[in-house]
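J.: Mind having a look at this structure? Questions to follow.
The values are calculated or read from the model by the stated rules, or taken from the named source; none is laboratory data. Everything numeric in this text was worked out from a predicted model, so none of it was measured. Please note: Cβ atoms are built from the backbone with ideal geometry, for glycine as well, and neighbour counts cover all protein chains shown. Surface accessibility is based on the protein's heavy atoms, side chains included, excluding ligands, DNA and RNA. Shrake-Rupley method; radii C 1.70, N 1.55, O 1.52, S 1.80 Å.
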Amino acid sequence: MGKQVVDRESKYPEERSRIWRPKESFSVLLEKIGTKKIEGLVLDMNMLRNSDMAVIEANTFEKMYNLRLLKLSGVQLSGTSKAFPKKLRWLYWHGFPSASFPNDFPLVNLVSLDMRYSNLKQLWKGTKVLGSLKILNLSHSPKLAKTPNFSRIPNLEKLVLKACSSLFEVDESIAKLQRIESLNLQDCINLRKLPRNIGMVKSLVEIDISGCSNLMGAMEELGKMKSLQVLNASGMDINRVLTVEVVSQASIWPWVPKSRVQMSLASLPSSLVRLDLSNCNLTEDAFPRDLKLSKLQELCLDGNPISSLPNFINDLTVRCIGKSNV
């Protein structure tokens, strides 16, 4: 019904507030006939018979200065982006082809930036002032090596880095994000450590580190998160997660080898409501007697060689999820 209402606005697509049909969107951009009436535009080149990458001149959007929602797939911009609409609030750019985002692209009013399946190696150089940005999704970007600096993105609430297989570093400025609630690092197979002091972020409610097979010492920081409610650590090497490398304070020499300290699951934050430890090769003795998870409601231990439930859940009402042997 909503689409029918928009269709009645004009028989010409460029005179409507929203354009979503691939042929109409492509025609408006190719002929550069966009107008101030356009508030939302969707162009997915995969929906057209010719699914090759479309090269569109950036100044094509110049007259669409009321554009607030833009969804592109299989599109590359050419030329300067300075004249791009500054009212843009939501940008989805599936398969972004370049190694970094154009420096002159106006992002100041963005609330959501979704760059899934991109060729990004870095999102942008230096820092960006993005006071309105709440959602940043860079998932499935196999060339992304590190995240941007977050120090000037104070209102970010959700960060998705799922399946960024080359990612080896999450910038430590993430510790300055006091409104972030969700962090997804699933299948970041080259990530070796969590940012220092991320445990000091009081707003984090949900973290997914499942499939991060090289992550070491995560439990040290996770244990500091007093607000964490959901933790997905499925498919992890639990021994690596619990191992912390320590340099003796008595030594001032940087070449002195680090010693390794093994922590226990007792370090898990007591605030957890949902916990997924499936396929972590856990045995019954992995759960210490002093483990206190009084708020836990859901627990997944699927795929672990255990035959009985851990003692710590005896006094809790916990829903066990999965097809474990217990």
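J.: Classify the stretch 1-68: rounded, prolate or oblate, from the alpha-carbon gyration tensor (a ≥ b ≥ c, eigenvalue square roots; a/c under 1.5 rounded; otherwise prolate if a/b is larger than b/c)?
T.: oblate
J.: At 7 Å along Cα-to-Cβ for each site, give me the label-to-label distance between Ser173 and Gln4 in nm.
T.: 5.0 nm
J.: Right, something else. Just how large is the dipole of the chain about the Cα centre, in debye to the nearest 20, putting +1 at every Lys and Arg Cβ and -1 at every Asp and Glu Cβ?
T.: Here the size comes out at about 1060 debye.
J.: Here's a follow-up. Take every Cα-Cα pair in the chain and report what % of them are more than 26 Å apart.
T.: In whole percent, the share of Cα-Cα pairs in the chain beyond 26 Å is 56.
J.: Indicate, rounded to the nearest 5 percent, the antiparallel portion of the DSSP beta bridges found entirely in the chain.
T.: DSSP beta bridges in the chain are roughly 10 percent antiparallel.
J.: Quick one: what are the phi-derived ³J(HN,Hα) couplings along the stretch 266-283, Karplus 6.51/-1.76/1.60 with θ = phi - 60°, whole Hz, x for glycine and proline?
T.: These are the phi-based 3J(HN,Hα) values: 5, 7, 4, x, 5, 7, 4, 10, 10, 9, 10, 10, 5, 6, 10, 6, 8, 10 Hz.
J.: Shifting gears a bit: Which pairs in the list Lys162/Lys202; Lys37/Lys82; Lys193/Lys292; Lys37/Lys128; Lys3/Lys202 are over 31 Å apart, alpha-carbon to alpha-carbon?
T.: Going by Cα-Cα distance, Lys3/Lys202 fall outside the 31 Å limit.
J.: Give the residue from Tyr12, Asn149, Leu88 lying farthest towards the positive end of the charge dipole for the chain; charges sit on Cβ (+1 for Lys and Arg, -1 for Asp and Glu) and the dipole is referred to the Cα centre.
T.: Farthest along the dipole direction, towards plus: Tyr12.
J.: Take the alpha carbon gyration tensor of the stretch 198-237, find the square roots of its eigenvalues, order them as a ≥ b ≥ c, and report rounded if a/c is under 1.5; if not, report prolate when a/b exceeds b/c, else oblate.
T.: oblate
J.: Just subtract the alpha-carbon distance of Lys224 and Ser112 from 0.36 nm times their residue separation and send over the number in nm, one decimal.
T.: Here the segment from Lys224 to Ser112 would lengthen by 37.4 nm.
J.: Using the reciprocal of the averaged 1/r over all distinct C-alpha pairs, how large is the Kirkwood radius of the stretch 104-255 in Å?
T.: When all Cα pairs of the stretch 104-255 are included, the Kirkwood radius is 16.0 Å.
J.: Could you give the dipole magnitude of the stretch 56-129 about its Cα centre, charging the beta-carbon of Lys and Arg +1 and that of Asp and Glu -1, in debye to the nearest 20?
T.: Once rounded to the nearest 20, the dipole reads 220 debye.
J.: Excluding ligands, DNA and RNA, what is the solvent-accessible area per residue of the chain at a probe of 1.4 Å, expressed in Å²?
T.: 52 Å²
J.: Can I ask one more? Rounded to the nearest 0.05, what FRET efficiency do Ser98 and Ile33 have when you use their Cβ-Cβ distance and R0 = 30 Å?
T.: 0.70
J.: Of Val55, Leu30, Val111, which is farthest along the charge dipole of the chain in the positive direction, counting Lys and Arg as +1 and Asp and Glu as -1 at C-beta?
T.: Toward the positive end, the furthest listed residue is Leu30.
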